[in-house]
Amino acid sequence: MSTILEIKNLGKKFGKEPILRDINLALKKQEVLSLLGSSGSGKTTLLKIIAGLDTQNEGHIFLNGKNIDNEKPQKRNIVYLYQEALLFPHLNAFENIAFGLRLKKETISAIREKVNKMLENLDMSKHAKKMPNQLSGGQRQRISFGRAMVIKPELLLLDEPFGALDAITRTKMQELFKQMAELMQLSALFVTHDLKEAIVMGSQIGKIQKGKLVQYKSKRHFFEDEFSGVKQEMDFWAQIHSNDR
Amino acid sequence: MKKLLQILFVLSIVFPVVFLLLLSLGRRWAYPNILPAEINFENWEFLQKSDSKLFQAFFISLGISLCVSILVTVIGFFVSKTIAFNKFRNVYLILAYVPYLLSPVIMAVIFQYYFIITGLTGTFLGVIIAQFLIAFPFGIIIYLNFWNTKLKSIEELSLTLGGSRWQTFKYVLLPLSKNAIALCFFQVFLISWFEYGLTNLIGTGKIRTLTVSVFNFVIEANIYYAALACCLLVLPPMILLYINKSLMFFVEKSKTLS
């Protein structure tokens, strides 16, 4: 599978303080790379730079082999999704999903067909006419996914998209995302601070800490790395289990 | 007690307006009579007289206020956005309060010299510029409460979904900022409409707005004509208030229905 995203020696400073240092990353087509990182590690800044919403001080970004350093966000075909669903409050669920298609000036029949199909895939057809304030957190997030996926972006950037959801909804959304990613053949960077979520969601895993990124060759390499946190997590549950006996 | 307070509140708003109307219709209202000896439209006929110039003052006021409020609403929208996401936001916000700390009349005294040497005193354009300089910081203060990080994120999201700057403005920012735009226009219109000291100083008596006319009638001790001018003075703000209220009500209603 060919590489869709490649980042070479990327660096970012806020004033004199380095936020990202010598970031190198490669993502293959139709794969999901989970990026683990704690608050303030620079993961949101990295996503914003990839989306074109912020600029790097050094290094280069390539999308499908093309340098996109100077490309405007609207020309990159990369959608950045926030932790909050951020639906357009003046548009109903249908119109929120249709937003990107309308910008591309697609025909009315094509828009109706694509949006209805997307609503069906998201199991949200009966909520099409509802306004964002009439939807639950999970439903809003579904519509937000639909809005991003319906325009078939080259790359999807997800910044802790399930962070604000309760545990049950979060699990449902993880399953839904995995299904949709497979169905739509998505390539995505999935940022989370949750170890389990990173393992569940990503076909590859990376870790960003104090502005430095480590991309593991495979999940096995990640599990075996003593600094990945997996071993400590397993030890914790083993301890709980042994105490229960 | 609660009911009494509500009645008192309504009376405090309605009584001055009714009193003003009665005064504009009255003639020969001598102390200690509760009502005027005559109530007719004779004072209002003054509006039709060519030497009254009240209608002229009304339209001059309307022209100045519309120009100032449109300019402040449009320019303030874009400038406030730049300021809101600037690291010196708070410094700009403090600066925006300066004209109000100094008071518009003192600002007018400061401006006057420059207006004289540029030949702008006593002109329609001069009054518009002077009022704009006073009202513009106020527009910035109103808009600054509207811009927040969530709105910025929504704007960025629209860009990554493929929207150009213009499309994002037209389909996202403009619909979301309707209420803020209406509020800014309404407030600035009121500031401009009731402005007296600055208008009188920069207008040098040549630009007779309705507010200036009211003060002239008061100085002349012509309370009936002053009341008549006041009736004209409160008319546009009341219409604006009604439109504003209907607009807000319509927005709320459509949100609930859909």
*In the stretch B:34-64, which residues have a backbone nitrogen under 14 Å from the label point lying 7 Å from B:Phe124's Cα in the Cα-to-Cβ direction?*
B:56-64
_Flagged links, alpha-carbon separation over 20 Å, of A:Lys114/A:Lys152; A:Lys12/A:Lys72; A:Lys12/B:Lys81; A:Lys48/A:Lys212_ = A:Lys12/B:Lys81
*asked:* Sorted from largest to smallest, which semi-axis lengths in Å does the alpha carbon gyration tensor of the stretch A:137-245 give for its equivalent ellipsoid, taking the root of 5 times each eigenvalue?
replied: 28, 19, 12
_Going Cα to Cα from B:Lys53, which aspartates and glutamates come in below 15 Å? Please leave out same-chain ones fewer than 8 positions away._
B:Glu45
*Amide proton proximity set for A:Leu5, modelled H, under 5 Å, gap of 5+*: A:Leu27, A:Asn64
*What list of ³J(HN,Hα) couplings, whole Hz, do you get for the stretch B:120-128 from phi and the Karplus terms 6.51, -1.76, 1.60, once you set θ to phi - 60° and write x for glycine and proline?*
8, 5, x, 10, 4, 4, x, 5, 4
_With bins 10 Å wide starting at 0, give me the P(r) of the stretch B:21-92 over every alpha carbon pair, in whole percents._
16, 22, 19, 16, 13, 13, 1
*Principal axis lengths of the protein assembly as shown from Cα atoms, whole Å, largest first?*
99, 55, 54
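If the chain between B:Lys150 and B:Val79 were fully stretched, how many nm would it gain, using 0.36 nm times the residue separation less the Cα-Cα distance?
Once the chain is fully extended between B:Lys150 and B:Val79, it gains 23.7 nm.
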*Just going by the charge dipole of the protein assembly as shown, with Lys and Arg at +1 and Asp and Glu at -1 on Cβ, which of A:His221, B:Asn244, A:Ile23 is farthest out on the positive end?*
A:His221
_Treating the stretch B:1-150 as a set of equal point scatterers at the Cα positions, no solvent, please give the Debye-formula log₁₀ I(q)/I(0) at q = 0.11, 0.13 Å⁻¹._
-0.76, -0.91
*Toward the positive end of the charge dipole of the stretch A:84-152, about the Cα centre and with charges on Cβ (Lys, Arg +1; Asp, Glu -1), which of A:Ile111, A:Gln139, A:Pro89 goes farthest?*
A:Ile111
*Measure off 7 Å from each Cα along the Cα-to-Cβ vector at B:Tyr242 and A:Gln239, then give the distance between these two points in nanometres to one decimal.*
7.4 nm
*Using the Karplus equation 6.51 cos²θ - 1.76 cosθ + 1.60 (θ = phi - 60°), what ³J(HN,Hα) coupling, rounded to whole Hz, does each residue of the stretch A:206-212 give in order, writing x for Gly and Pro?*
x, 10, 10, 9, 6, x, 10
*Order of exposure, largest accessible area first, which applies to B:Phe85, A:Phe227, B:Phe189 with probe 1.4 Å*: A:Phe227, B:Phe85, B:Phe189
*So who's got an amide H within less than 5 Å of the one on A:Ala188, skipping anything under 5 residues away but keeping other chains? H placed 1.01 Å off N, in plane.*
A:Glu31, A:Val32, A:Leu33, A:Leu156
*Once you have the alpha carbon radius of gyration of the stretch A:84-152, what is it after dividing by 2.2 N^0.38 Å, with N set to its residue count?*
0.97
*How many nm separate the modelled label positions at A:Ser38 and B:Leu66, each set 7 Å beyond the Cα in the direction of the Cβ?*
6.2 nm
*Report the calculated FRET efficiency for B:Phe55 and B:Ile116 (r = Cβ-Cβ distance, R0 = 35 Å), to the nearest 0.05.*
0.70
*Would you mind working out the magnitude of the charge dipole of the protein assembly as shown relative to its Cα centre, with +1 at each Lys and Arg C-beta and -1 at each Asp and Glu C-beta, to the nearest 20 Debye?*
700 debye
*Assigned charges on the beta-carbon of Lys, Arg, Asp, Glu; the stretch A:84-152 dipole about Cα centre (debye)*: 140 debye
*Please report the base-10 log of the normalised intensity I(q)/I(0) for chain B, using a Debye sum with one equal scatterer per alpha carbon and no solvent, at each q in 0.09 (1/Å).*
-0.55
*asked:* If each residue of separation counts as 0.36 nm, what is the full-extension length gain between A:Val200 and A:Asn70 once their alpha-carbon separation is subtracted?
replied: 43.4 nm
*A:Lys231-A:Ala26 FRET efficiency (beta carbon distance; Förster radius 25 Å; 0.05 resolution)*: 0.45
*Fluctuation leader among A:Asp123, A:Asp69, A:Asp159 - chain A, Gaussian network, Cα springs under 10 angstrom*: A:Asp123
*Just name one of B:Tyr225, A:His241, B:Tyr114: the one whose Cα is farthest towards the positive end of the charge dipole of the protein assembly as shown (beta-carbon charges, Lys/Arg +1, Asp/Glu -1).*
A:His241
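The values are calculated or read from the model by the stated rules, or taken from the named source; none is laboratory data. As the structure is a prediction and not an experimental result, all values here were calculated from the model. Positions of Cβ are backbone-derived with ideal geometry, glycine not excepted, and every protein chain shown enters the neighbour counts. Side chains included, ligands, DNA and RNA excluded: accessible areas come from the protein's heavy atoms. Shrake-Rupley method; radii C 1.70, N 1.55, O 1.52, S 1.80 Å.
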